[in-house]
Amino acid sequence: MNIENVLSLVRPNIASMMPYSTARDEYKGTIGICLDANENPFNSGFNRYPSTSLKERVRTLVSQKKGISPQHIFLGNGSDEAIDLCYRIFCVPGKDNAIGISPSYGMYSVCASINDVEYRTVSLNDDFSLPVEKLLASADENSKLLFLCSPNNPTANAFPVEELLDIVRRFKGIVIVDEAYIDFSSTKSLLPLLDEHPNLILLQTFSKAYGLAGLRIGMAFAAAPIISLFRNVKYPYNIGTDTLELAEKLLQKDVEEQRDIILKERTRVSQLLPAFSCVKRVYPSEANFLLVKVTDAQALYQHLLRGEVIVRDRSKVPLCESCLRITIGTPEENKRMLALFTEFDKQQIENSQKPTI
Ligand SMILES: *Cc1c(COP(=O)(O)O)cnc(C)c1O
């Protein structure tokens with residue numbers, strides 16, 4: 001698909017709209033008395049609207065970190081903002097549809113509902129592999145978006161790059177690959193391949209490996225014309241000054257060391273868990289969490305909760321029956337969690353030995 005094909009997918013009202021032009025967009029200088037934006041002139045630290053140059057500095061930092069030029073980068077209020085923008089830019093409510101895998105991250109279907117867009121799901125294969133042909137077969141002429149998440153939440157596996165690219169090449173719409181967990185994966189990001197695929201949008205976030213979930217900064221990477229559309233449709237000042245300032249500071253920090261600890265812990269915990277009799281299976285993980293099939297998900301969930309360890313009960317999710325999703329914590333936290341598994345096993349044995357009268 002070439003960029004003209006991609007731009008023909010844009011909703012007509014979005015393609016023809018006049019974007020809002022902020023005071024800060026129109027005057028790009030940095031010195032002078034600002035009487036242009038109806039701000040309060042007395043300094044509170046935040047009396048001014050977020051400065052364009054600060055946002056550009058953060059974008060430059062991201063550009064350097066990711067090795068991709070700024071025109072390919074959108075910064076959003078979490079990657080959730082980028083997911084919503086994909087619908088608003090490409091999908092005519094009540095008419096167009098989007099396709100996704102099941103199970104996967106919940107926001108793709110939530111944003112579809114909010115935007116009155118049909119969301120068609122195709123179940124992953126039993127081994128969590130990608131049903132490439134079924135996904136492509138579920139598309140029709142109104143299928144504008146196809147969401148893939150790799151590594152996938154909650155199944156924890158990454159899909160082979162060749163399969164992802166096969167879909168990108170053959171789907172006649174926009175393919176969004178959510179790489180929220182890519183920093184924990186041994187598979188490569190599709191980022192270096194962006195130039196060859198104008199219908200590809202990549203999502204990444206600072207909420208996971210970078211440890212900045214509370215800041216709310218997510219990224220979309222795409223062809224420059226798509227990024228322009230993101231900027232036209234987003235709210236004028238979608239990221240606040242405090243967030244941008246903190247991002248500028250915190251993005252300079254190295255997170256490799258933390259990531260290495262998390263990866264080491266992932267290996268350690270996934271090797272220890274299968275020894276418990278309440279654990280049936282620990283799925284391989286390319287992310288910072290483990291999907292664990294257990295004998296009695298609800299009972300174990302409650303037991304962990306009583307021990308003040310909170311995990312995610314995914315036992316009602318198709319293909320994840322009897323599964324808990326457990327985030328890898330600090331070594332101390334994981335130790336606490338594992339101790340509760342030991343306790344649960346002991347209780348189960350005691351219960352089974354109780355006389356039945
Ligand atoms: C956690 C997560 C995100 C993160 O979203 P933010 O809005 O950037 O915090 C995105 N996609 C998936 C699949 C996730 O699990």
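The values are calculated or read from the model by the stated rules, or taken from the named source; none is laboratory data. All values reported here derive from a predicted model rather than from experimental measurement. Glycine gets a Cβ as well: all are built from the backbone with ideal geometry, and neighbour counts include every protein chain shown.
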In the set VAL311, VAL279, VAL292, VAL269, which member is over 24 Å from ASP183 (Cα atoms), surrounded by 13 or more Cβ atoms within 10 Å (Cβ to Cβ) and in contact with a helix residue (DSSP H, G or I) (Cβ under 7 Å, 6 or more places away or on another chain)?
VAL279
From GLU350, GLU321, GLU332, GLU343, which residue is in a helix (DSSP H, G or I), exposed (fewer than 12 other Cβ atoms within 10 Å of the Cβ) and at pLDDT 95 or above?
GLU332
Scanning the range 137-183 residue by residue, the ones that are more than 19 Å from the chain's Cα centre (by Cα), part of a loop (DSSP other than H, G, I, E, B) and either within 11 Å of the ligand (Cβ to nearest atom) or buried (at least 17 other Cβ atoms within 10 Å of the Cβ) (or both) total 3
Being over 16 Å from ILE99 (Cα atoms), within 15 Å of the ligand (Cβ to nearest atom) and either in a strand (DSSP E or B) or not aliphatic (A, V, I, L, M) (or both) is the requirement here; does ALA220 meet it?
yes
Any idea how many residues of the range 104-123 are surrounded by 22 or more Cβ atoms within 10 Å (Cβ to Cβ) and in contact with a strand residue (DSSP E or B) (Cβ under 8 Å, 6 or more places away or on another chain)?
3
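Per-residue answers, yes or no, for (1) within 12 Å of the ligand (Cβ to nearest atom); (2) of a type in the set (S, T, N, Q):
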| site | (1), (2) |
| --- | --- |
| PHE90 | no, no |
| SER104 | yes, yes |
| ASP116 | no, no |
| VAL122 | no, no |
| ASN125 | no, yes |
Condition first: touching a Pro at 6+ places or on another chain (Cβ under 7 Å) and over 30 Å from LEU165 (Cβ atoms). Now tell me which residues in the range 1-45 satisfy that.
TYR20, THR22
State all residues of the range 51-81 that are out of contact with any helix residue (DSSP H, G or I) (no Cβ under 7 Å at 6 or more places or on another chain) and either charged (D, E, K, R) or within 16 Å of the ligand (Cβ to nearest atom) (or both); if no residue qualifies, say none.
GLU56, VAL62, LYS65, ASN77, GLY78, SER79, GLU81
Regarding the range 184-191, can at least one residue be identified that is basic (Lys, Arg) and either touching a Ser or Thr at 6+ places or on another chain (Cβ under 9 Å) or within 15 Å of the ligand (Cβ to nearest atom) (or both)?
no
Looking at LYS134, LYS55, LYS65 in this structure, which one is more than 24 Å from GLU163 (Cα to Cα), basic (Lys, Arg) and surrounded by fewer than 16 Cβ atoms within 10 Å (Cβ to Cβ)?
LYS65
Identify, please: which residue in the range 198-212 is in contact with a strand residue (DSSP E or B) (Cβ under 8 Å, 6 or more places away or on another chain) and not in a strand (DSSP E or B) and is, among those, nearest to the ligand (Cβ to nearest atom)?
SER207
Taking the range 234-266 as the search range and keeping residues that are among the β-branched types (Val, Ile, Thr) and part of a helix (DSSP H, G or I), which one is nearest to SER51 (Cα to Cα)?
THR241
